[in-house]
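The values are calculated or read from the model by the stated rules, or taken from the named source; none is laboratory data. This structure is a prediction, so every number in the text was calculated from the model and none was measured. Note that each Cβ is placed from the backbone with ideal geometry, even for glycine, and that neighbours are counted across all protein chains shown. Note: areas computed on protein heavy atoms with side chains; ligands, DNA, RNA excluded. Shrake-Rupley method; radii C 1.70, N 1.55, O 1.52, S 1.80 Å.
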Amino acid sequence: MAMAALRREGRRLLLSPTVPNPSPAAAAARSSVISSPETTQLGVRSISTQVVRNRMKSVKNIQKITKAMKMVAASKLRAVQTRTENSRGLWQPFTALLGDAPSVDVKKNVIVAITSDKGLCGGINSTSVKVSRALHKLTSGPEKESKYVILGEKGKVQLVRDSRKSIEMTVTELQKNPINYTQIAVLADDILKNVEYDALRVIFNKFHSVISFKPTIVTILSPEVAEKESEAGGKIGDLDSYEIEGGETKSEILQNLAEFQFSCVLYNGALENACSELGARMSAMDSSSRNAGDMLDRLTLTYNRTRQASITTELIEIISGASALEG
């Protein structure tokens, strides 16, 4: 009771307007209240408790957001995964027929890097960009030309920093609507019309599981290079064992096969990358939610300790004040 009265008197003196010529007693009381360590410590303790409470509230809100993002990614993953598995059968027959020549040495290389438009999905975009840069370094030279075609905002942001002059074409908001073959076929046709190439190298993340994806490179040769490889005795020579109907030449068939192969590879790559993105986002948001829970536990412990220390100090002050009045 006595200490509470003293605090009320101290607050009244602190909040009272300034007097031009205060009395010596009032000035002494004011100075004693201002310099009182008890008042200073009380203010610090109150601010500290409030800061911890605000931090706890922020962490709780972040945890709610990460849990919601994980649920959204999980709900989308199953549908995209089914379509991804079905799309693998489109371009694999081309590998059996035409083969895959990742080490072919040509003059004009076009690197098609498939990335995502959104972040918060782990390191899938950084992985694709690293592989693209390494491949660009390998395929560049005095008499060679290597260009980028970038699908996705995140890949564009990273590659534009040091390879602005090598970027031939960029495409964003590819996943704004569900990916379908018609959309990808139109995109593939635009790329083939606007880019000169001897070899197209498509880079994407192949989906294995929610926590596992593998950077993959698929090479599509131009009809001219494919025909040269066929004459040199490459795997494309197996095409001669098939009977050609309709009067088309081998060059025309290779042209049609190259265009169809590129659209199928691009369609599967976009789905594989979208599936990997959702799986990586699920994993990242799950880790973020668990980290937020751990942080919330630590903040709760800190808050309880601070509050208990404040209560203990208040009790000590009350008992000390009562003992002083009785003595």
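Quick notes
- Considering the range 160-175, the residues that are hydrophobic (A, V, I, L, M, F, W, C) and closer than 22 Å to residue 193 by Cβ include one that is surrounded by the most Cβ atoms within 10 Å (Cβ to Cβ), namely 174.
- Of everything listed in (1) under 30 Å from residue 70 (Cα atoms); (2) open to solvent by less than 60 Å² (accessible area, probe 1.4 Å); (3) free of Cβ contacts under 8 Å to residues at least 12 places away in the same chain, the single unmet condition for residue 178 is (2).
- Every listed requirement among (1) closer than 30 Å to residue 253 by Cα; (2) surrounded by fewer than 19 Cβ atoms within 10 Å (Cβ to Cβ); (3) in contact with a helix residue (DSSP H, G or I) (Cβ under 6 Å, 6 or more places away or on another chain) is met by residue 94 save one, (2).
- Subset of the range 170-200 (residues that are assigned to a strand (DSSP E or B) and more than 29 Å from residue 284 (Cα to Cα)): 199, 200
- Residue in the range 182-201 that is open to solvent by less than 60 Å² (accessible area, probe 1.4 Å), modelled with pLDDT under 90 and at negative phi present: no
- Scanning the range 117-153 for residues being in a strand (DSSP E or B) and either open to solvent by less than 30 Å² (accessible area, probe 1.4 Å) or acidic (Asp, Glu) (or both) gives a total of 6.
- For the range 110-117, the criterion of being in contact with a helix residue (DSSP H, G or I) (Cβ under 7 Å, 6 or more places away or on another chain), hydrophobic (A, V, I, L, M, F, W, C) and over 21 Å from residue 176 (Cα atoms) is met by at least one residue.
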